[in-house]
Amino acid sequence: STANMDDCFELGFSSVRLATAELMKALELQPKFISASTRRDMYTEWHGRIEEMIKKRISKVYPDHIIIVENKADYDKRSALKLTAAPTWILDPIDGTMNFAHGFPYTCVSLAFWQEKQPEFGIIWNPFLDQCYTARRGYGAFMNVKPLNVSKRDQLSEALIIHELGTDLTFADKKLKNIDQIARKAHGLRSLGSTVLNMCMVAQGFADAYYEFGCHAWDMAAGVLLVQEAGGVVVDPSLQPVDLMSRRMLCASSPKLAQELSALLVKCKSTMVNVD
Ligand code: IPD
């Protein structure tokens, strides 16, 4: 069944807007944190609340659509997650949970819609900075109403690169080696603490590339189309096509910069795929 994209987008947009209002309330009420697999990988009561709210709205209209979500109950079943050709909503109720816990204002609700294993739209809303990023396939990428374009910098020596150490430090030695390499070759290095908001920085042309080993499908799903529609590329760090379930990703303002960055990276692999 092919769903009407205008209708799906409207539903997604209004749902995320409602969810961001919840998120604003949460900050005043001292969220209660439930620690997940590690001390750094956190889950709050607000994740559950936002998840329920959005899931209910979607499944009421589209009971046959699949919904993939960062979910406490599913933590041990993460490896069972598969992306199929079916209409699929991918939700991160709160991306940038550590930031949320500290009041560092880079936290958002992130919702994507994929079909035939292709992104159709992405909605990323940071209520703390009043920034709403949207992209629809073929229609461009926007921050509020402003169209987004990636930067024109395609040389690593002139580029601002974003990385994340992530919550899983299993590969910390390799990740630190990567940071060391890039710090010596790039113009500068940054880290915001939210996978999808890092991708927004690349789409917006504020940063030139971003890579991460260890991010999940729900962290990156909405950012893929945003970067592509802003004129950038999203690939696997090995330069193969990006795989949403592979827990790794590289995005850049151009294929040339992606290549230069990829050549420097020690690729953290296989054992990370869908395990924590
Ligand atoms: C995390 C953040 C963080 C990234 C991790 C993610 P969460 O998402 O995006 O920046 O490094 O890989 O899991 O847990 O806040 O939704």
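State yes or no: is residue 121 outside any helix (DSSP H, G or I), in contact with a strand residue (DSSP E or B) (Cβ under 9 Å, 6 or more places away or on another chain) and either away from the ligand (no atom under 16 Å from the Cβ) or of a type in the set (Ser, Thr, Tyr) (or both)? The answer is yes for residue 121. Among all residue pairs at least 6 apart or on different chains, which show Cβ distances below 9 Å where the first residue, located in segment 155-173, is closer than 17 Å to residue 184 by Cβ and the second is among the hydroxyl-bearing types (Ser, Thr, Tyr) and part of a loop (DSSP other than H, G, I, E, B)? As it stands, the answer is 159/151; 159/253; 160/151; 162/191; 163/191, since those pairs meet every condition given. In segment 199-220, which residue that is part of a helix (DSSP H, G or I) and in contact with a helix residue (DSSP H, G or I) (Cβ under 8 Å, 6 or more places away or on another chain) is nearest to the ligand (Cβ to nearest atom)? Residue satisfying both the conditions and the ranking: 219. Taking segment 143-173 as the range and being surrounded by fewer than 16 Cβ atoms within 10 Å (Cβ to Cβ) and under 20 Å from residue 213 (Cα atoms) as the test, the residues that pass are 169, 172, 173.
So, in segment 94-112, of the ones that are within 13 Å of the chain's Cα centre (by Cα) and away from the ligand (no atom under 12 Å from the Cβ), which residue ends up nearest to residue 46 (Cα to Cα)? Top of the filtered list is 111.
All of the numbers you see were taken from the coordinates with simple rules; none came from a lab. Since the model is a prediction, treat every value here as computed from it, not as a measurement. Virtual Cβ from ideal backbone geometry, glycine too; neighbours counted across all protein chains shown.
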